[in-house]
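Please read the structure below before turning to the comments.
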Amino acid sequence: MASHIGAQLGNMSHAWWDQVVLELSHRLTETIDDLYSPFGDSMLMVNRFGRRVVNEKAPYNERGQVHLIWDSQRLEYPNRVLLMLFDDHVINGTAHSPFRWPVPQPGERPDYVISAPTLLDLSVRINERLSRLGAFVGGVQLDEHFVETVHDSVLRLNEFATCGVDGDFARGETAIEQRWALAARNGVPNPTMHPLSPTDPYHCILLGGGALDTKGGPVTDAAGRFLDEEDRVIPRLYGAGNCVSSRAGQAYWGAGGTLGLAFTFGAIAGTHAASLDPIAAA
């Protein structure tokens, strides 16, 4: 509709990205829940090659974009599916967190959680699950060297957890990550990370990239008015929130980022519209 009246469009390649449980989104594409802040300290996310590719505790919008990275040499999206791996402490822990989902409560085992006693056994079961999803995941399978690589990834994260500094993705270094973490256990210096157990069974949840809302649309000026392709104001037409070109660009500024922009620029637009001469504006 905006294009039809000559409005300029902006930020159309971005959205409010998030991560979703792949198998649940396969059943119901209009997902209800997403991974706002992934639960667990002895937990990591790897791609089909077994490599960590993201700060697991980063805000949802930043994690979601990792799924969209294109490998121009392999001609594929290597992070199309990410594997959230964790040990028994995470799945059996009783500490309260509003962000526990999709990790189940102790004693529960929903069918989207894949479990096995070893990484080798887990890789076999993951490939079986991916095969069932078939075209939905583009035929993705684990790399032939997945087990060796993911073993190294676990050891490397364990080293970071012991010293408290994630040398690859800076996990746990921001105030928001520290605020949402549970209390550190066993004296580790960074509450967002703990070494995975070498003896526990391993558990996996398949993750995909999703979007909770749009972030592009008509470009507006400082008063919230639509602009045309020549940056001229389109009279009497205003916009704010997720239906216009977001002031946040590609980023997510923090909790309330979507509502805050809508309220702020909605108020600015409403104030400006109310100031107009109703006769002249007719």
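Structure above, values below:
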read-out: Verdict on LEU182 being over 30 Å from ARG27 (Cα atoms), at pLDDT 90 or above, within 20 Å of the chain's Cα centre (by Cα) and surrounded by fewer than 20 Cβ atoms within 10 Å (Cβ to Cβ); value: yes
read-out: Region 186-214 residues that are on the phi > 0 side of the Ramachandran plot, paired with ones that are assigned to a loop (DSSP other than H, G, I, E, B) (beta carbon under 8 Å, 6 or more apart); value: ASN186/HIS194
read-out: Residue, surrounded by the fewest Cβ atoms within 10 Å (Cβ to Cβ), within region 114-147, restricted to residues that are charged (D, E, K, R) and under 16 Å from SER25 (Cα atoms); value: ARG132
read-out: Region 162-184, residues that are in a helix (DSSP H, G or I) and in contact with a Lys or Arg (Cβ under 7 Å, 6 or more places away or on another chain); value: GLU177
read-out: Index of the failed condition, LEU82 passing every other in (1) buried (at least 16 other Cβ atoms within 10 Å of the Cβ); (2) over 23 Å from ASN242 (Cα atoms); (3) at pLDDT below 95; value: (3)
read-out: Within region 94-113, considering residues that are surrounded by 16 or more Cβ atoms within 10 Å (Cβ to Cβ) and touching an Asp or Glu at 6+ places or on another chain (Cβ under 9 Å), the one nearest to ARG125 (Cα to Cα); value: TYR112
read-out: Matching residues in region 227-278 - criterion: being assigned to a loop (DSSP other than H, G, I, E, B), within 14 Å of ALA15 (Cα to Cα) and not aromatic (Phe, Trp, Tyr); value: VAL244, SER245, SER246, ARG247, ALA248, GLY249, GLN250, ALA251
read-out: Hits in region 10-56 (condition: within 21 Å of LEU130 (Cα to Cα) and aromatic (Phe, Trp, Tyr)); value: PHE49
read-out: Subset of region 11-31 (residues that are in a loop (DSSP other than H, G, I, E, B) and under 22 Å from ARG100 (Cα atoms)); value: LEU28, THR29, GLU30, THR31
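Conditions (1) closer than 14 Å to ARG48 by Cα; (2) within 24 Å of the chain's Cα centre (by Cα); (3) not in a helix (DSSP H, G or I), marked per residue:
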{"position": "ILE114", "(1), (2), (3)": "no, yes, yes"}
{"position": "LEU120", "(1), (2), (3)": "yes, no, no"}
{"position": "VAL124", "(1), (2), (3)": "yes, no, no"}
{"position": "LEU130", "(1), (2), (3)": "yes, yes, no"}
{"position": "LEU133", "(1), (2), (3)": "no, yes, no"}
{"position": "PHE136", "(1), (2), (3)": "no, yes, no"}
{"position": "GLY139", "(1), (2), (3)": "yes, yes, yes"}
{"position": "VAL147", "(1), (2), (3)": "yes, no, no"}
{"position": "SER153", "(1), (2), (3)": "yes, yes, no"}
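Residues checked against (1) touching a helix residue (DSSP H, G or I) at 6+ places or on another chain (Cβ under 7 Å); (2) surrounded by fewer than 18 Cβ atoms within 10 Å (Cβ to Cβ); (3) outside the structural domain of THR174 (by TED's automatic domain parsing); (4) closer than 30 Å to ARG63 by Cβ:
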| residue | (1), (2), (3), (4) |
| --- | --- |
| VAL219 | no, no, yes, yes |
| ALA222 | no, yes, yes, no |
| ASP228 | no, yes, yes, no |
| ARG232 | no, yes, yes, no |
| PRO235 | no, yes, yes, no |
| ALA240 | yes, no, yes, yes |
| TYR252 | yes, no, yes, yes |
| GLY256 | no, yes, yes, yes |
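The values are calculated or read from the model by the stated rules, or taken from the named source; none is laboratory data. The structure displayed is predicted, hence computed values, not measured ones. Virtual Cβ from ideal backbone geometry, glycine too; neighbours counted across all protein chains shown.
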